[in-house]
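Student: Take a look at the following structure, please.
The values are calculated or read from the model by the stated rules, or taken from the named source; none is laboratory data. All figures in this text were calculated on a predicted structure; none of them were measured in a lab. In this analysis, Cβ positions are derived from the backbone assuming ideal geometry, glycine residues included, and neighbour counts consider all displayed protein chains.
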Amino acid sequence: MTGVITLADGAGGKASRKLVEGLFLAELRNPLLEPLGDAALVSANGTRLAFTTDSYVVRPLRFPGGDIGELAVNGTVNDLAVFGAIPLALTAGFVLEEGFPLEELRAIARSMARAAQDASVSVAAGDTKVVERGAADGLYVTTSGIGLLDPRVELDVTRVRPGDRVLVSGGIAEHGIAVMLARGNLELELDVESDTAALHGLTAALCALGRELRWMRDPTRGGLATTLNELAGGAGATVVLREEAIPVREDVRAACEILGIDPLYVANEGKLVAVVAPDAADRALALLGALPLGADAALIGEIRADDIPLVLVDTPFGGSRIVDMLVGDPLPRIC
Amino acid sequence: MCLGVPGQILERLDDGLAKVDFTGVRRTVSVAFTPEAEPGDWVLVHVGFALATIDEDEARATLDLLGEAIAAELEPAGNKLLQKGRG
Amino acid sequence: MKYVDEYRDGRAAKAIAAELRTLVRPGSHVKLMEVCGGHTHAIYRHGLDALLPGEVELVHGPGCPVCVIPLGRVDDAICLAERPEVTLASFGDMLRVPGGRRRSLLEAKARGADVRVVYSPLDALGLAVAEPEREVVFFGVGFETTAPATALTLLRARREQVRNFSVFCNHVLIGPALRAILDSPETQIDGFVGPGHVSTVIGTRPYDFVCSEYHRPVVVAGFEPTDILQAVAMLLRQLRDGRAEVENEYGRVVRAEGNPAALAALAEVFAVRPDFEWRGLGAIPRSGLRIADAFADWDAERRFEVPGARIEDPKACRCGDVLRGLAKPYECGVFGTACTPEQPLGTCMVSSEGACAAYYAYGRHRRVA
């Protein structure tokens, strides 16, 4: 690691992972933290709970399809949901910059209320701090959440087996492109919105599969590629995808072509990746497809035994390529 | 090198610029190097500049070659069917 | 996507691949160089090397304008970015390229430099107009494909008298680089896949010398999978027939005469430097562009002091050999170990179309397996 934090450390890919493992895990080491899942499993008197936290520093604060408040609620609800937990309550911590307009803050709070209602969860406690003008970029939000584990499932990446199928709940790359364009430097116009959404409905539906549901995650920063690399690493196997099966909206794909960015690396905020037993794939697709958020659900690949845990994409040309973990942010390129 | 993406001119703007559509994505593009391009024409765009108009006839000719290649590949199979029919 | 998807037809690609097998003598060895980094990237991204007969070896050339920028020039750009009054606008490609002390523009940004990614040089000019209190410097990189865009931007800057805008010009020319490769005694390239988008500007005639003086065939190719495979087929046919001609596979956008308006803009705004250093290839005469005197007020090199140091490549780095097609990425001693996409030693590993980065990202597992 270099001597200072760089932007790459927060991008969700290799650099982020190095920071978490090399610094935080090294210092905080304890059994609850070790699995480095999206949530921690906490047991109390026989009741199994999921506990998670996340911070939101997105710029701009408001973008097509949502704002930081909505992101903060959905993001934490989703971390609980993919863990197999029913969200019970959230807390929200705000770091506010001196001079931040109250009207904007109220709008963000309203977004959070709406998102919490949609997710059937309450923001039960919170905290606010104010820092001097110039720090905090307007506003930072941290949400924590607690949820009750669904007894029907045992979600663990080590339960993933060769032959298991990989599904995604819908089209990828929408959030990242929406935010990239909202930042205003790239001068592209398209009607894409962030896909921010609460996934608890989709995850609850999949939990009906019981033990045939192996693992779930919501791919956020670093995109589908990063999440699947975590899957491959955790399962100690290769994830093989079929390029043509990966759902991407046509205009989002065009934007990625223009910018030279691979949609697999672009952030999502309302998508689900699930690994299921081979025989359960059709039922899983049906369960997802029955819900509005899962209308474009697709079977995109499978798990293959291999000595080296990798993510491979089979191209329509009989070849394949490795999809590595992201190194820093996906940057537009001209070459 | 050189990412070039095909787009269709939606309208000409002032000052050598045009609004171009790329399958639902729109961008203002300089057509200084393709002054003859009209709305409806397709151009190849690199770093916000149209470098060439796409020649429909040439494009089709290239696709025809691809079609021939596919047909040539399928031919042996066709011959087998023919022989089966005779036998 | 129209004019894209049709050329990504899997059946057509496999059909051409079958034809390729009939165009080589079994057991022979044909070495074809794809000059342009975009071809390298496309080949690996679509897994096309799996479709080539074993007799055909594709070698990656120096057509990666990001890869060939010397360490010293990257340091100069970082220096400019670190000036408090400067906003350095750059293509995303350059952000992770390491300079002399393995620092990059991205790191400079993390340390507080105002570095902004733009898609077009016109957007950089737009920044200057929108933020008159900033000195906006555009980091101009690229071959003849990209140089006309910079040229037009400078013409516009001068016309509108945008005084807080300048360009740090690192544009390079493909012709001299090709000649340098052909003149290199160790090079044994049988044919060239020509750079499709450079050719929309310069046309196909600039490659005539490769055939007339060096007796190698050139086929200018597009960037979709079937374009590349078709071009390989055309090269193999030429080699089989003993021909050495310039052919154009990319007729839908490349014309023999190129783009006269773009060439005129280049001639007006740029002059050719006596020589320019290419990373790994050394100094190549008349291969780099500088801003002409008529546009001196918009030349960052004249407006600001830059160190201008000439920095040696790290000893272990074999980028030069890789760029000349003399070594494969995995033959470099530090490939994948001291030199990785996260901690690149050489630019072949940083640029997404650099041979090493492409190989690391896409082709690595074939060696590993």
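Student: Name the residue that is farthest from the other protein chains (Cβ to nearest Cβ), counting only residues in region C:146-179 that are surrounded by fewer than 20 Cβ atoms within 10 Å (Cβ to Cβ) and within 27 Å of C:Glu245 (Cβ to Cβ). Spell out the reasoning first.
Tutor: Looking only at region C:146-179, we keep the residues that are surrounded by fewer than 20 Cβ atoms within 10 Å (Cβ to Cβ), and these are C:155-156, C:158-164, C:175-176, C:179.
Narrowing further to those that are within 27 Å of C:Glu245 (Cβ to Cβ): C:175-176, C:179.
Details: C:Gly175: 15, C:Pro176: 16, C:Arg179: 18 Å.
Result: C:Arg179.
Student: Scan A:Gly69, A:Gly84 and give me the residue that is touching a Cys at 6+ places or on another chain (Cβ under 8 Å) and either free of Cβ contacts under 8 Å to residues at least 24 places away in the same chain or not assigned by TED's automatic domain parsing to the domain that holds A:Leu231 (or both).
Tutor: A:Gly84
Student: If we scan region B:42-65, do we find a residue that is in a loop (DSSP other than H, G, I, E, B), within 7 Å of another protein chain (Cβ to nearest Cβ) and β-branched (Val, Ile, Thr)?
Tutor: Yes.
Student: Let me ask you something else. Could you figure out which of (1) under 20 Å from the mean Cα position of the chain (by Cα); (2) in a loop (DSSP other than H, G, I, E, B) isn't true of A:Ala115?
Tutor: Here A:Ala115 meets the rest and fails (2).
Student: Also: Filter region A:254-295 for residues that are under 15 Å from A:Asp195 (Cα atoms), surrounded by 21 or more Cβ atoms within 10 Å (Cβ to Cβ) and not hydrophobic (A, V, I, L, M, F, W, C); which is nearest to the other protein chains (Cβ to nearest Cβ)?
Tutor: The selected residue is A:Pro263.
Student: Mind checking which helices (runs of 4 or more DSSP H) fall wholly inside region A:156-245 and carry at least 1 residues that are within 14 Å of chain B (Cβ to nearest Cβ) and hydrophobic (A, V, I, L, M, F, W, C)?
Tutor: Those helices (runs of 4 or more DSSP H) span A:174-182.
Student: Looking at C:Arg286, C:Arg273, C:Arg290, C:Arg252 in this structure, which one is at positive phi, touching a Lys or Arg at 6+ places or on another chain (Cβ under 9 Å) and of a type in the set (Lys, Arg)?
Tutor: The conditions single out C:Arg286.
Student: Hey, can you tell me all the residues within region A:230-247 that are buried (at least 17 other Cβ atoms within 10 Å of the Cβ) and in contact with a helix residue (DSSP H, G or I) (Cβ under 9 Å, 6 or more places away or on another chain)?
Tutor: A:Glu230, A:Leu231, A:Gly234, A:Ala235, A:Ala237, A:Thr238, A:Val239, A:Leu241, A:Ile246
Student: On to the next question. Is it fair to say C:Ile189 is closer than 21 Å to B:Thr53 by Cα and touching a Leu at 6+ places or on another chain (Cβ under 9 Å)?
Tutor: So C:Ile189 does not fit the description; no.
Student: If only one of A:Leu61, A:Leu105 is touching a helix residue (DSSP H, G or I) at 6+ places or on another chain (Cβ under 6 Å), within 12 Å of A:Tyr140 (Cα to Cα) and buried (at least 16 other Cβ atoms within 10 Å of the Cβ), which one is it?
Tutor: A:Leu61
Student: Restricting to region C:360-369, name every residue that is crowded, with 19+ Cβ neighbours inside 10 Å and either at pLDDT below 80 or more than 12 Å from C:Tyr330 (Cα to Cα) (or both). Step through it out loud before you land on a result.
Tutor: Of the residues in region C:360-369, the ones crowded, with 19+ Cβ neighbours inside 10 Å are C:360-364.
Selection gives C:Ala361, C:Tyr362, C:Gly363, C:Arg364.
Each row is one residue, and each column tells you yes or no for (1) touching a Cys at 6+ places or on another chain (Cβ under 7 Å); (2) among the polar types (S, T, N, Q); (3) surrounded by fewer than 24 Cβ atoms within 10 Å (Cβ to Cβ); (4) within 14 Å of chain A (Cβ to nearest Cβ).
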site	(1), (2), (3), (4)
C:Ala17	no, no, yes, yes
C:Val24	no, no, yes, no
C:His41	no, no, no, yes
C:Pro53	no, no, yes, yes
C:Ala77	no, no, no, no
C:Ala81	no, no, no, no
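Matching residues to (1) at negative phi; (2) under 17 Å from the mean Cα position of the chain (by Cα); (3) assigned to a strand (DSSP E or B):
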{"residue": "C:Lys2", "(1), (2), (3)": "yes, no, no"}
{"residue": "C:Glu6", "(1), (2), (3)": "yes, no, no"}
{"residue": "C:Ile16", "(1), (2), (3)": "yes, no, no"}
{"residue": "C:Leu20", "(1), (2), (3)": "yes, no, no"}
{"residue": "C:Gly27", "(1), (2), (3)": "no, no, no"}
{"residue": "C:Met33", "(1), (2), (3)": "yes, yes, yes"}
{"residue": "C:His41", "(1), (2), (3)": "yes, yes, no"}
{"residue": "C:Asp49", "(1), (2), (3)": "yes, no, no"}
{"residue": "C:Glu57", "(1), (2), (3)": "yes, no, yes"}
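Student: A follow-up question, please. Filter region B:17-41 down to the residues that are part of a loop (DSSP other than H, G, I, E, B) and buried (at least 16 other Cβ atoms within 10 Å of the Cβ) and list them by number.
Tutor: If the condition is that a residue be part of a loop (DSSP other than H, G, I, E, B) and buried (at least 16 other Cβ atoms within 10 Å of the Cβ), then B:Thr23, B:Gly24, B:Val31, B:Ala32, B:Phe33, B:Thr34, B:Ala37, B:Asp41 are the ones that fit.
Student: Would a scan of region C:252-263 turn up a residue that is away from chain B (no Cβ under 14 Å) and over 21 Å from the mean Cα position of the chain (by Cα)?
Tutor: no
Student: Is it fair to say C:His46 is buried (at least 17 other Cβ atoms within 10 Å of the Cβ), touching a residue at least 24 places away in the same chain (Cβ under 8 Å) and within 11 Å of chain A (Cβ to nearest Cβ)?
Tutor: Taking the combined requirement at face value, the residue satisfies it.
Student: Could you say whether any residue in region A:306-328 is more than 14 Å from chain C (Cβ to nearest Cβ) and not polar (S, T, N, Q)?
Tutor: No; the residues of region A:306-328 include none that is more than 14 Å from chain C (Cβ to nearest Cβ) and not polar (S, T, N, Q).
Student: Give me the pairs: first residue in region B:1-15 and under 29 Å from C:Gly61 (Cα atoms), second residue assigned to a loop (DSSP other than H, G, I, E, B) and of a type in the set (S, T, N, Q), beta-carbon distance under 6 Å, and six or more apart or on different chains, which are they?
Tutor: Filtered contacts from region B:1-15: B:Cys2/C:Thr145.
Student: Could I ask something else about it? Collect the residues in region C:102-111 that are farther than 17 Å from C:Pro341 by Cβ and in contact with a helix residue (DSSP H, G or I) (Cβ under 8 Å, 6 or more places away or on another chain), keeping them in residue-number order. Spell out the reasoning first.
Tutor: First, the residues of region C:102-111 that are farther than 17 Å from C:Pro341 by Cβ: C:108-111.
Listed by number, the residues that qualify are C:Ala108, C:Lys109, C:Ala110.
Student: State which residue is farthest from B:Asp15 (Cα to Cα) when the search covers only region C:108-145 and only residues that are among the β-branched types (Val, Ile, Thr) and within 7 Å of another protein chain (Cβ to nearest Cβ).
Tutor: C:Val117
Student: Among A:Leu213, A:Leu206, A:Leu186, A:Leu199, which is the only one that is within 30 Å of B:Asp21 (Cα to Cα) and not assigned by TED's automatic domain parsing to the domain that holds A:Val95? Can you show your working first?
Tutor: Details: A:Leu213 fails: within 30 Å of B:Asp21 (Cα to Cα); A:Leu206 fails: within 30 Å of B:Asp21 (Cα to Cα); A:Leu199 fails: within 30 Å of B:Asp21 (Cα to Cα).
Step by step, each of A:Leu213, A:Leu206, A:Leu186, A:Leu199 is checked, and only A:Leu186 is within 30 Å of B:Asp21 (Cα to Cα) and not assigned by TED's automatic domain parsing to the domain that holds A:Val95.
Student: Now a separate question. Just for region C:231-242: of the residues that are in contact with a helix residue (DSSP H, G or I) (Cβ under 8 Å, 6 or more places away or on another chain) and either surrounded by fewer than 24 Cβ atoms within 10 Å (Cβ to Cβ) or of a type outside the set (Val, Ile, Thr) (or both), which one is nearest to the other protein chains (Cβ to nearest Cβ)?
Tutor: Looking at the filtered set, the residue picked out is C:Ala233.
Student: Can you pull out the residues in region C:271-291 that are in a loop (DSSP other than H, G, I, E, B) and either at pLDDT below 95 or crowded, with 22+ Cβ neighbours inside 10 Å (or both)?
Tutor: Of everything in region C:271-291, those that are in a loop (DSSP other than H, G, I, E, B) and either at pLDDT below 95 or crowded, with 22+ Cβ neighbours inside 10 Å (or both) turn out to be C:Arg279, C:Gly280, C:Leu281, C:Ser287.
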